[in-house]
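Asks: Before we start, here is the structure in question, set down as structure tokens.
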Amino acid sequence: MNDQQASMDWMNQVYNVVFELLKRWQLILFVTVLCATSFDLYQSIIYTPIYRCEATFAVTTNLSSSDENDVGETFSYIFSSNIFRKTIQEAMHVDSLNGYFEASVRSESILYVYAYSSEPKTAYDMLNALMDNYTDISRLVVGDANIDLLSNVSVPATPYNELDHMDNLFKAGSVGFILIVALISCMSFFRNTIKDKYDIERKLNLRLLGSLPKESKITNIIGLKRKKSILITQYSTSFQYIESFKRIRSRIERSCHKHDYKVIMITSSLENEGKSSIAVNTAISLAMNKHKVLLIDADLRKPSLHLILDYHNYPCTINDVLDNTINYQKAIYHLDNYHIDVMLGIENTKDIDGTMHFEHMNRIMNQLKQDYDYILIDTAPSRFISDTNELSAFVDAIILVVKQNHCHVNTILDTIDKLSLSSAPIMGCIHNQSYIPRISNNKYYGNRYGYYRYYNRRRDRNE
């Protein structure tokens, strides 16, 4: 593998990770908010307010400056001793001391003493008891030390350790965000999926009919307006996306001409891989090349072609044809704006297994082959539904749609094994929502030679 290919593979890996993060933004937001609020709630439950009283003393002795620092450290040691606590307890007339002392020397001869307690009055009384007995304390430290009070003591009004909700939310939210992003990134990076179009042949051992770039459905910057579907007849569809379908069309035409295929089934392993949109655009692309095309929606559990084509006025459906209640010709509708014929379906909520025997499909297909150059059939996902396997007995070839970084390779291989049991061969695979890095020497063909600019000018004139 050369350096350029290695760079493309690396960029594909990065893209897959970034796209996976964007796709799971709701999960990332949920985990971030959950961690932040949970940690803040926990801190609120275990929170105990601590009040602090402070007093400043000047310590003077006949010792050197270094020995004076030792005096300050000695005070800190005495304040934390049990003997000193008992002295303060006796001065306060209490059996136990609800608090503790700290002392620090911040500069030469200046001693800072702090009294901490969960009650502000107790902290105040503790420090006053210390001040009443500081002469005896100084005698314990060094006999000739003088301690002079430099500041007055007052009852603390607010806790020393005030609970900072914003700080808790930010810290815990940041940790949760980093952890979930790292987890999703690792899972995406190491998950055995189709990372780029080269994995189609490397991992699946299938012929690549074409690779379709990811096409956004958002039509404006703020994302408030979205397309219902992505069709190659729309002016908002990118030049690269349209050209990709032209290449796929050419390969399908050559393969069908070579092997005399007419009926082609388009399926995928799992749902949401884009098979229905690809079936519609493939049919439209073939019709643009002066072919007579029939598009059939055979996904009776979740039909979607009528939504993609925005066509809802069809009283007769493929369901009626399969039930042998009407002639198949009554269920065929011609769409003038796309120059294709369609046979659409409706969701079948009753006795769907009995309906999907396709008892009349073989006879119908033989009749349709005489009237059409190409018959494209959009089916249900093949991995867990048996309808596709039954229908594959009546088609000439199968096209498998694989969405980038969506389905595990083992699942796709299981689908291929199931499809290989039918009499129809797998013509090839269409790689959907791929990422094409802009690092090649030739850039994009359309960009380098100006076809993309020509396409935009022509589109602007038509608009």
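Asks: Please go through segment 386-435 and give me each residue that is of a type in the set (D, E, K, R), part of a helix (DSSP H, G or I) and crowded, with 22+ Cβ neighbours inside 10 Å, ordered by number.
Replies: Matches in segment 386-435: Asp387 only.
Asks: Tell me yes or no: at least one residue of segment 271-278 is over 27 Å from Glu347 (Cα atoms) and not small (Gly, Ala, Ser).
Replies: Taking every residue of segment 271-278 in turn, none turns out to be over 27 Å from Glu347 (Cα atoms) and not small (Gly, Ala, Ser).
Asks: Something else: Please work out which residue is farthest from Ser154 (Cα to Cα), limiting yourself to segment 87-104 and to residues that are touching a residue at least 40 places away in the same chain (Cβ under 8 Å) and open to solvent by 40 Å² or more (accessible area, probe 1.4 Å).
Replies: Looking at the filtered set, the residue picked out is Thr87.
Asks: So, one more: Provide a single number: the residues in segment 365-410 that are more than 32 Å from the chain's Cα centre (by Cα), of a type outside the set (A, V, I, L, M, F, W, C) and more than 16 Å from Thr282 (Cβ to Cβ).
Replies: Within segment 365-410, residues that are more than 32 Å from the chain's Cα centre (by Cα), of a type outside the set (A, V, I, L, M, F, W, C) and more than 16 Å from Thr282 (Cβ to Cβ) number 8.
Asks: Shifting gears a bit: With respect to Ile178, determine if the residue is farther than 30 Å from Met427 by Cα, among the β-branched types (Val, Ile, Thr), in a helix (DSSP H, G or I) and free of Cβ contacts under 8 Å to residues at least 40 places away in the same chain.
Replies: Considered against the rule, which asks whether it is farther than 30 Å from Met427 by Cα, among the β-branched types (Val, Ile, Thr), in a helix (DSSP H, G or I) and free of Cβ contacts under 8 Å to residues at least 40 places away in the same chain, Ile178 comes out as yes.
Asks: Against the conditions (1) over 25 Å from Tyr47 (Cβ atoms); (2) modelled with pLDDT of 90 or more; (3) open to solvent by less than 90 Å² (accessible area, probe 1.4 Å), where does Arg207 fall short? Just the number, please.
Replies: (3)
Asks: Kindly provide the set of residues from segment 290-316 that are in a loop (DSSP other than H, G, I, E, B) and buried (at least 18 other Cβ atoms within 10 Å of the Cβ), ordered by number.
Replies: The answer is Ala298, Asp299, Leu300, Pro303, Ser304, Leu309, Cys316.
Asks: A further question follows. How many residues are part of a loop (DSSP other than H, G, I, E, B), in contact with a helix residue (DSSP H, G or I) (Cβ under 8 Å, 6 or more places away or on another chain), open to solvent by 10 Å² or more (accessible area, probe 1.4 Å) and in contact (Cβ under 8 Å) with a residue 12 or more places away in the chain if we restrict to segment 317-334?
Replies: 1
The values are calculated or read from the model by the stated rules, or taken from the named source; none is laboratory data. Everything quoted here is computed from the prediction, not taken from an experiment. Positions of Cβ are backbone-derived with ideal geometry, glycine not excepted, and every protein chain shown enters the neighbour counts. Keep in mind that these areas ignore ligands, DNA and RNA; they rest on the heavy atoms of the full protein, side chains included. Shrake-Rupley method; radii C 1.70, N 1.55, O 1.52, S 1.80 Å.
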